[in-house]
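K.L.:
Structure in structure tokens, see below.
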Amino acid sequence: PVRDKLMSAAVRVAYMDVLARDRHAVAALFLDVPAQDVDMNVHPAKAEVRFRDAAFIRGLMIGAMQHSLLTEVRQTATTLSSATQ
């Protein structure tokens, strides 16, 4: 498990339009990043990571999560509206 401010912020931003302000998202993320773009030795317990291009990774994470959330919300809304008719 890794705790990272960049990743936590990306999850918060991605869920911003979906969760109420006083709610918090829980996420399990799998990132496939080339080894040369990640520094795992930032923290002695390997609990933090540092990316070579942090802004790029953050943008990709936010975009992917928002896309996934929008797809799921749309499917759920369609399924519910069809079921209630």
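The values are calculated or read from the model by the stated rules, or taken from the named source; none is laboratory data. This one's a predicted model, so the numbers in the text were calculated from it and none came from an experiment. Counting neighbours? That spans all protein chains shown, and the Cβs are built from the backbone with ideal geometry, glycine included. Protein only, heavy atoms only, side chains kept; ligands, DNA and RNA dropped before computing areas. Shrake-Rupley method; radii C 1.70, N 1.55, O 1.52, S 1.80 Å.
K.L.:
Give VAL38, VAL42, VAL73 a once-over and let me know the one that is open to solvent by less than 70 Å² (accessible area, probe 1.4 Å), β-branched (Val, Ile, Thr) and modelled with pLDDT under 80.
P.N.:
Numbers: VAL38 fails: modelled with pLDDT under 80; VAL73 fails: open to solvent by less than 70 Å² (accessible area, probe 1.4 Å).
On inspection, the qualifying residue turns out to be VAL42.
K.L.:
Right, here's the next one. Looking for whichever is surrounded by 12 or more Cβ atoms within 10 Å (Cβ to Cβ) and at pLDDT 85 or above here; the options are ALA27, ALA14, ALA55. Which one fits? Walk me through it before giving the result.
P.N.:
On the way: ALA27 fails: at pLDDT 85 or above; ALA55 fails: surrounded by 12 or more Cβ atoms within 10 Å (Cβ to Cβ).
The unique qualifying residue is ALA14.
K.L.:
Now, a different point. Pairs only if they're at least six apart or on different chains, beta carbon under 6 angstrom, first in region 18-40 and closer than 16 Å to ILE57 by Cα, second assigned to a loop (DSSP other than H, G, I, E, B); list them, first residue then second.
P.N.:
Listed by first residue and then by second, the contacts come to ASP37/ARG52; VAL38/VAL49; MET40/LYS46; MET40/VAL49.
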